[in-house]
1. Rounded to the nearest 0.05, what FRET efficiency do residue 14 and residue 48 have when you use their Cβ-Cβ distance and R0 = 30 Å?
2. Taking neighbour Cβ counts within 10 Å as the exposure measure, how do 54, 67, 27 sort from fewest upward?
3. Within the chain, what is the number of lysine pairs with alpha carbons under 30 Å apart, leaving out pairs fewer than eight places apart on the same chain?
4. Determine the relative contact order of the chain: mean sequence separation of Cα pairs under 8 Å and six or more apart, normalised by residue count, in whole percent.
5. Could you give the alpha-carbon Rg of the chain over 2.2 N^0.38 Å, rounded to two decimals?
Amino acid sequence: MKIRDSWAAYMFDNAVGFVGVVLENASQEQHNVGTEKQPKWEAKYTMAQLLDPSFRLPAPVKPKKMSGIESLMNTRGVKVWKG
């Protein structure tokens, strides 16, 4: 990369190494798509997902559908008094 500043080159090297470790670990994650008695393990993420610029780790969990009041009651920092 021809980075002249030694500190910037060091930080760039660390960033590249970090991204490599994250991608390697994520590519080896597996989840069970079979049953408990007969597990069938598959890769959790495809390489296409991992290399997609818009993909984020961990993959977002789909929120549970709640009514408006349930949503407020489950919001962090909101105190609910039951009368």
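Every number here is computed from the coordinates shown, using simple stated rules; none is lab data. Bear in mind that the values here come from a model prediction, so they are computed numbers and not experimental data. Neighbour counts run over all protein chains shown; Cβ positions are idealised from the backbone, glycine included.
1. According to the calculation, E is roughly 0.70.
2. Values: 54 5, 67 8, 27 15.
Lowest count first: 54, 67, 27.
3. Number of lysine pairs found: 14.
4. 15
5. In units of the globular-protein estimate, the chain measures up at 1.80.
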